[in-house]
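The values are calculated or read from the model by the stated rules, or taken from the named source; none is laboratory data. Bear in mind the structure is a predicted one, so any value in this text is a computation, not a measurement. All Cβ positions, even for glycine, are placed from backbone atoms using ideal geometry, and neighbour counts span all protein chains on display. Side chains included, ligands, DNA and RNA excluded: accessible areas come from the protein's heavy atoms. Shrake-Rupley method; radii C 1.70, N 1.55, O 1.52, S 1.80 Å.
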Amino acid sequence: MDGRKKKVYSALEVARLCGVVNQTAINWIKAGHLKAFKTPGGQYRVYPEDLADFMRGRKMQVPQELLDCMNAGASSSCAKNKILIVDDDKGLNGVLAKYLGKRFDGAEIFQAFDGFEAGALCSQAKPGVIILDLDLPGVDGFSLCERLSKDETFGKPKILVITALHEEGLDQKALALGAETLFKKPLSMESVAEAVKACGL
């Protein structure tokens, strides 16, 4: 496996590793026993860590292939000069990208408009800073924040959360899940840029 890219398993690969038929793996996923996400084409994909947790929970032996996959990903680190902006508001996403591109000459700016794109870009580009909207279509932004901050395979990026939500205790919740700070919309571009700078850019 290429350690620079995040490996995910199809239902068929899950079945092979667990020693069951394909339909059994799909049934586990549909029943909510095994965490998975869907590709734009509607295919199930499972992260190695989630598969290992599932197998351990069922007292199944985790194969060396799966352990090697997780260890290979964990050795990678993020790139400080890469910034990923995750927001389904294309207008705001574009404005942020343009503003930060001017403020941080030489930085690579990546844009994602949903959680699936964000996960793929984090795996491939390993951004050092992620500006993450909590309210994404079809995705729990809190769960995504926690995964990006705590899953070693993403290289431990700095996460700046942005949101239009006004829940009590939102700041503390975001920080507890691994975010560096939280900004309420409408955003102060200057404040966001200063927070990005504080992350080491």
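Residues of the chain were split at every exposed loop site, defined as GluC sites (Glu not before Pro) in a DSSP loop with at most 11 other C-beta atoms within 10 angstrom, and the longest piece left, sites excluded, is 1-166. Of all aspartates and glutamates in the structure, the ones whose alpha carbon falls short of 19 Å from that of K30, not counting any fewer than 8 places away in one chain, are E13, E49, D50, D53, D140. Give me the net charge for the shell around G200: Cβ to Cβ below 9 angstrom, other residues only, Lys and Arg +1, Asp and Glu -1. Result for the local shell: +3. Evaluated with a Cβ-only charge set (Lys, Arg +1; Asp, Glu -1), segment 12-158 carries a dipole of roughly 200 debye about its Cα centre, given to the nearest 20.
Once a ≥ b ≥ c are taken as the square roots of the eigenvalues of the Cα gyration tensor of segment 77-201, is the result rounded (a/c under 1.5), prolate (a/b larger than b/c) or oblate (a/b not larger than b/c)? Note, shape of segment 77-201 comes out rounded. Highest GNM mean-square fluctuation among G115, G106, G141, for the chain modelled with Cα contacts below 10 Å: G106.
Taken about its Cα centre, segment 71-201 carries a charge dipole of roughly 540 debye when the Cβ of each Lys and Arg holds +1 and the Cβ of each Asp and Glu holds -1.
Between Q43 and Q172, the contour length at 0.36 nm per residue exceeds the Cα-Cα span by 42.9 nm.
When both bridge partners sit in the chain, DSSP labels roughly 25% of those beta bridges antiparallel.
Annotation note: trypsin sites (Lys or Arg not before Pro) in segment 17-59 located in DSSP loop regions with a Cβ neighbour count of at most 12 within 10 Å are R58, K59. Here the accessible area is traced with a 1.4 Å probe on the protein chains. For segment 42-201, carbon and sulfur cover 49 percent of it.
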